[in-house]
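The values are calculated or read from the model by the stated rules, or taken from the named source; none is laboratory data. Bear in mind that the values here come from a model prediction, so they are computed numbers and not experimental data. All Cβ positions, even for glycine, are placed from backbone atoms using ideal geometry, and neighbour counts span all protein chains on display. All accessible areas refer to the heavy atoms of the entire protein, side chains included, with ligands and DNA or RNA removed. Shrake-Rupley method; radii C 1.70, N 1.55, O 1.52, S 1.80 Å.
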Amino acid sequence: MDVCSADDAPESGPSTTTENEAGDGAAAAASAAAAPGVEVGLPNKGVGGGGDGRDDSTQPHDQQQHGVVPPHFQCPVSMELMVDPVMVATGHTYDRPFIQRWLEQGHKTCPVTGVRLRHLELIPNFALRSAIQEWAAANGRTLNDRQLTSVTEKAVVDQMGGGNPMMTMMMDASSSLADATASIPHCVLEGHEEIVWAVEATQGYLFSASADKTIRVWDTQTRRCVHVLEEHTRPVLSLVVSLQHGKLFSGSYDCSIRVWDLTTFRRVRSLHGHTDAVRSLAVAGDKLFSGSYDSTLRAYDINTLKPLKVLEGHTGPVRTLAVLDGCLFSGSYDKTVRVWDTETLESITVLEGHNDAVRALAASPVPDLKYVFSGSDDSTVRVWDATTFACVCVFEGHEDNVRVLTADSRYLYSGSWDKTIRVWDMRTLQCVRVLEGHVEAVLALTVMRGHLISGSYDTTVRFWNTSTFNCVGKFEGHDDAVRVLTSTGEDSECVYSGSYDGSIGFWSLPVMNSAGSARADAAALGGGGGGGGGGAHQGVPVGVVVDQGGPGASSGGTAAAAAAQGATTRGAEQHSGADVHEQ
């Protein structure tokens with residue numbers, strides 16, 4: 001059997017983009033001419049860094065002595081003294097609030113040059129800031145300090161406040177950035193230019209993979225993008241982290257797997273061998289497994305990064321992987337789930353029964369429940385005994401493709417194109433709830449602190465209490481489908497979302513004040529149709545929408561009303577960079 005190839009020699013050299021790599025763009029901004037078509041509602045004094053557009057040599061020599069702002073200290077957009085100078089991807093420097101306003105208006109170009117920005121990070125220009133502060137002190141100018149952030153913050157809509165966009169990233173000028181961000185419950189940040197296909201979280205970092213060919217590394221405390229990993233040549237589809245080995249692995253449409261060091265965030269190795277997209281990755285012990293649209297799996301030794309074996313047998317693209325008790329389970333568009341021994345790398349058995357593609361797998365996290373669950377385009381979920389490999393139950397009820405599965409210590413949750421989420425008791429193997437509320441397909445699920453979190457084509461993120469099954473929060477901030485969700489587990493303090501619009505969401509549990517909480521509890525006890533009840537809205541944090549008498553959780557049932565509205569149009573997923581196998 002052929003064994004996959006890999007680049008044996010470790011690779012070195014720059015592979016990330018960080019804040020320190022950009023030079024001082026003030027001189028360039030001061031000398032550049034204004035780009036045509038600049039849409040800023042400010043007096044036309046000349047957008048370039050040269051102030052009013054006149055040659056600096058014509059200005060009086062003693063200008064600075066009389067407190068006239070030097071041209072290179074002026075923001076090219078506002079023509080005012082910069083307080084918080086930041087650089088964009090072109091190296092040009094602007095005052096933060098004015099360039100942020102420019103970006104929030106939907107522009108993705110440099111105002112001075114008109115060149116499209118490769119990324120939307122705003123990098124603090126500390127050298128220029130210090131020079132401005134020294135000049136201001138010498139000339140009796142007072143500067144109001146602003147906090148430094150590095151990406152555009154998107155508005156999160158609070159419908160309870162009348163639907164007006166409100167920035168969740170609102171900081172007190174006297175607080176530190178870390179303190180300020182720690183107190184912000186929810187925010188949506190722009191960074192990627194195309195669809196976010198995968199997100200993985202650790203205690204300190206969030207990793208996001210995109211169709212823009214990059215992986216972004218976000219500090220989960222400051223919520224800043226601290227690295228951009230740029231090595232892949234086509235969309236990045238899959239991620240997995242091995243904390244034990246200090247490595248991040250990324251799979252791409254370029255048929256390769258890149259290995260990144262979690263300390264330096266530099267590429268360690270490129271693994272080759274697949275002949276089509278690497279759609280799924282999993283770690284079991286000291287081995288990395290990859291599943292590809294070329295219908296094969298490949299195994300690698302994580303310590304040596306050497307290829308071990310090609311696992312063949314599937315006759316269709318391999319879409320999803322799961323690991324349980326020394327076995328690797330692979331789900332494929334060939335309608336089967338195959339089981340492999342993670343030590344010997346031999347095929348154990350083939351699990352058959354689904355009538356359409358297998359898109360999702362989930363392993364029970366409960367030690368005494370040895371179940372693996374498979375979700376399929378045939379609208380069912382099958383329960384497989386991981387010891388005997390027998391199908392012990394078929395979950396029926398969804399009326400369209402089962403798109404995503406996740407589990408906590410009590411329940412399995414299945415999300416479907418039929419716009420509903422079903423809750424299955426893992427001990428009784430019965431459906432105990434149908435969660436209704438999303439108005440488009442459910443694409444993503446994760447869990448945290450007694451809550452299920454769901455993401456949908458309807459662009460919203462919903463929080464469901466797993467004791468009452470009420471929808472306790474609805475968040476709006478993404479401009480397109482919420483494609484992926486992740487957390488660090490049931491004890492996680494935060495949930496992270498990735499969207500088709502390229503943005504990343506940071507979400508915490510909805511928290512009300514005592515009055516609001518009491519009203520919500522009363523409404524829940526009184527029924528109120530689920531979904532958060534019908535109480536007053538005091539105490540609802542920015543970005544949280546508590547449903548009032550809308551669709552909520554129904555006990556059992558078939559959710560026929562939701563399904564009667566028709567299945568979500570598959571063509572909606574035909575975005576730029578979209579995975580053709582996903583349609």
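Scanning for something surrounded by fewer than 21 Cβ atoms within 10 Å (Cβ to Cβ), within 23 Å of the chain's Cα centre (by Cα) and among the hydrophobic types (A, V, I, L, M, F, W, C), does the range 116-123 turn up at least one residue?
yes
Residues are listed down the side, and each one gets a yes or a no for (1) of a type in the set (Asp, Glu); (2) in contact with a His (Cβ under 7 Å, 6 or more places away or on another chain); (3) touching a residue at least 60 places away in the same chain (Cβ under 8 Å):
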position	(1), (2), (3)
Phe73	no, no, yes
Glu80	yes, no, no
Val83	no, no, yes
Gly91	no, no, yes
Tyr94	no, no, yes
Lys108	no, no, yes
Glu121	yes, no, yes
Arg129	no, no, no
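Given the range 374-476, what strands (runs of 3 or more DSSP E) lie entirely inside it while holding 1 or more residues that are under 25 Å from Phe329 (Cα atoms) and touching a Phe, Trp or Tyr at 6+ places or on another chain (Cβ under 9 Å)?
381-385, 391-395, 402-407, 411-416, 421-425, 430-435, 442-448, 451-456
Of the residues that sit in the range 252-280 and are among the hydrophobic types (A, V, I, L, M, F, W, C) and open to solvent by 20 Å² or more (accessible area, probe 1.4 Å), which one is nearest to Ile195 (Cα to Cα)?
Filtering the range 252-280 for residues that are among the hydrophobic types (A, V, I, L, M, F, W, C) and open to solvent by 20 Å² or more (accessible area, probe 1.4 Å), the one nearest to Ile195 (Cα to Cα) comes out as Cys255.
Select from the range 295-317 the residues that are free of Cβ contacts under 8 Å to residues at least 24 places away in the same chain and under 18 Å from Tyr333 (Cβ atoms) and write down the one among them that is surrounded by the most Cβ atoms within 10 Å (Cβ to Cβ).
Selected residue: Thr296.
Hey, can you tell me all the residues within the range 193-217 that are more than 10 Å from the chain's Cα centre (by Cα), open to solvent by less than 10 Å² (accessible area, probe 1.4 Å) and not β-branched (Val, Ile, Thr)?
Within the range 193-217, Ala211 is the sole residue that qualifies.
Find all pairs meeting these conditions: Cβ atoms under 9 angstrom apart; at least six residues apart or on different chains; first residue within the range 198-209 and closer than 16 Å to Gln221 by Cβ; second residue among the aliphatic types (A, V, I, L, M) and assigned to a loop (DSSP other than H, G, I, E, B).
Short answer, once both residue conditions are applied: Thr202/Leu243; Thr202/Leu262; Gln203/Leu243; Tyr205/Leu262.
Considering only residues that are at pLDDT 95 or above and either surrounded by 21 or more Cβ atoms within 10 Å (Cβ to Cβ) or more than 17 Å from the chain's Cα centre (by Cα) (or both), which ones fall in the range 230-242? Step through it out loud before you land on a result.
To start, the set of residues in the range 230-242 that are at pLDDT 95 or above comprises 232-242.
Listed by number, the residues that qualify are His232, Thr233, Arg234, Pro235, Val236, Leu237, Ser238, Leu239, Val240, Ser242.
Any residue in the range 468-486 that's closer than 26 Å to Arg410 by Cβ and open to solvent by 20 Å² or more (accessible area, probe 1.4 Å): show its pairings with residues that are of a type in the set (D, E, K, R) and not in a strand (DSSP E or B) at Cβ separation under 8 Å, as long as the two are six or more apart or on different chains.
Within 8 Å, the pairs are Lys474/Asp547.
So which residues in the range 318-358 are of a type in the set (Ser, Thr, Tyr), surrounded by fewer than 18 Cβ atoms within 10 Å (Cβ to Cβ) and in a strand (DSSP E or B)?
Across the range 318-358, the qualifying residues are Ser347, Thr349.
Which members of the range 80-94 meet the condition of being outside any loop (DSSP other than H, G, I, E, B) and buried (at least 21 other Cβ atoms within 10 Å of the Cβ)? Spell out how you get there, then give the answer.
Pass one, the range 80-94, residues outside any loop (DSSP other than H, G, I, E, B): 81, 85-87, 93-94.
Pro85, Val86, Met87, Thr93, Tyr94, listed by residue number.
Take the conditions farther than 26 Å from Ser330 by Cβ, in contact with a strand residue (DSSP E or B) (Cβ under 9 Å, 6 or more places away or on another chain) and in a strand (DSSP E or B) and apply them to Val268. Does it pass? Write out each step before concluding.
Details: farther than 26 Å from Ser330 by Cβ: no; in contact with a strand residue (DSSP E or B) (Cβ under 9 Å, 6 or more places away or on another chain): yes; in a strand (DSSP E or B): yes.
The answer is no for Val268.
Pairs please, first residue from the range 437-462 and over 11 Å from Leu485 (Cβ atoms) and open to solvent by less than 10 Å² (accessible area, probe 1.4 Å), second anywhere and modelled with pLDDT under 95 and among the acidic types (Asp, Glu), Cβ atoms under 6 Å, 6+ apart in sequence or on different chains.
Thr460/Glu476
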